[in-house]
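Here's the structure, in structure tokens; my notes come after.
The values are calculated or read from the model by the stated rules, or taken from the named source; none is laboratory data. Please read all numbers here as calculations on a predicted model, not as lab measurements. All Cβ positions, even for glycine, are placed from backbone atoms using ideal geometry, and neighbour counts span all protein chains on display.
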Amino acid sequence: MIGFILFSVLSLMFIMLSGVSEAIMDKLQFHWEKSIFVINPTKYNPLFWNPTISWKNKWKEGTDYKVEKFRGSTSIFVFTTDAWHLFKFFKNTTMFLAIFFAMVAITFNPFIPIMYLIPLVVLARTSYGLIFTLFFNNILHMVDPFLYIKNRRPNGGKANNEI
């Protein structure tokens, strides 16, 4: 029973990591300008993190984007070229590991009734969605520290730096 619980928890953890990876992918692809990755360009190099320019990392410069930068840069090693592909790699890897650990957990008690497995699947899917939403909407979202001040100006007047 301990093995079943241990491997089930490992599976759930990998499912949550997969949700985090997908949140990062979607934040990069659809809301780059509103993400935390824009704030600190020295920490998050736009050449790797900004999807509007990082896709070029796969291709040799000056070749009209037809020649690979290095062998496998457009296929097996594409995850090394930009952040979106790196987190796509993490998402897929962690999901496969979650499935593997779930299968190992089942081997500890192969006679578990289906009525116990359905709530575990629902828990896993719910955890994935909650973690995705938490990261996409809150943790990865850039918050303007001056938004409160901007909204509190009398009569919607201009800020000091706009006068």
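The table that follows gives values for the structure above.
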{"item": "Filtered residue count, the stretch 1-57, keeping only those that are of a type in the set (Val, Ile, Thr) and in contact with a Ser or Thr (Cβ under 8 Å, 6 or more places away or on another chain)", "result": "1"}
{"item": "Qualifying residue in the stretch 68-78 (condition: without any contact (Cβ under 8 Å) to a residue 60 or more places away in the chain, surrounded by fewer than 13 Cβ atoms within 10 Å (Cβ to Cβ) and under 21 Å from the mean Cα position of the chain (by Cα))", "result": "yes"}
{"item": "Residues being of a type in the set (Phe, Trp, Tyr) and either touching a strand residue (DSSP E or B) at 6+ places or on another chain (Cβ under 9 Å) or surrounded by 21 or more Cβ atoms within 10 Å (Cβ to Cβ) (or both) - total across the stretch 15-39", "result": "1"}
{"item": "Within the stretch 107-124, tally of residues that are loosely packed, with under 15 Cβ neighbours inside 10 Å, modelled with pLDDT under 90 and part of a helix (DSSP H, G or I)", "result": "8"}
{"item": "Residue match in the stretch 125-143 (condition: surrounded by fewer than 17 Cβ atoms within 10 Å (Cβ to Cβ), assigned to a loop (DSSP other than H, G, I, E, B) and not basic (Lys, Arg))", "result": "yes"}
{"item": "Of the criteria (1) surrounded by 15 or more Cβ atoms within 10 Å (Cβ to Cβ); (2) at pLDDT below 90; (3) among the acidic types (Asp, Glu), which one Asp64 fails", "result": "(1)"}
{"item": "Counted residues, the stretch 37-72 - those being closer than 30 Å to Val143 by Cα and not in a helix (DSSP H, G or I)", "result": "10"}
{"item": "Filter result (among the aromatic types (Phe, Trp, Tyr) and touching a residue at least 12 places away in the same chain (Cβ under 8 Å)) within the stretch 45-67", "result": "Phe48, Trp49, Trp55, Trp59"}
{"item": "Qualifying residue in the stretch 4-23 (condition: among the aliphatic types (A, V, I, L, M) and at pLDDT below 90)", "result": "yes"}
{"item": "Of the criteria (1) in contact (Cβ under 8 Å) with a residue 12 or more places away in the chain; (2) in a helix (DSSP H, G or I), which one His85 fails", "result": "(1)"}
{"item": "Any chance Thr42 is among the β-branched types (Val, Ile, Thr), surrounded by 20 or more Cβ atoms within 10 Å (Cβ to Cβ) and without any contact (Cβ under 8 Å) to a residue 40 or more places away in the chain", "result": "no"}
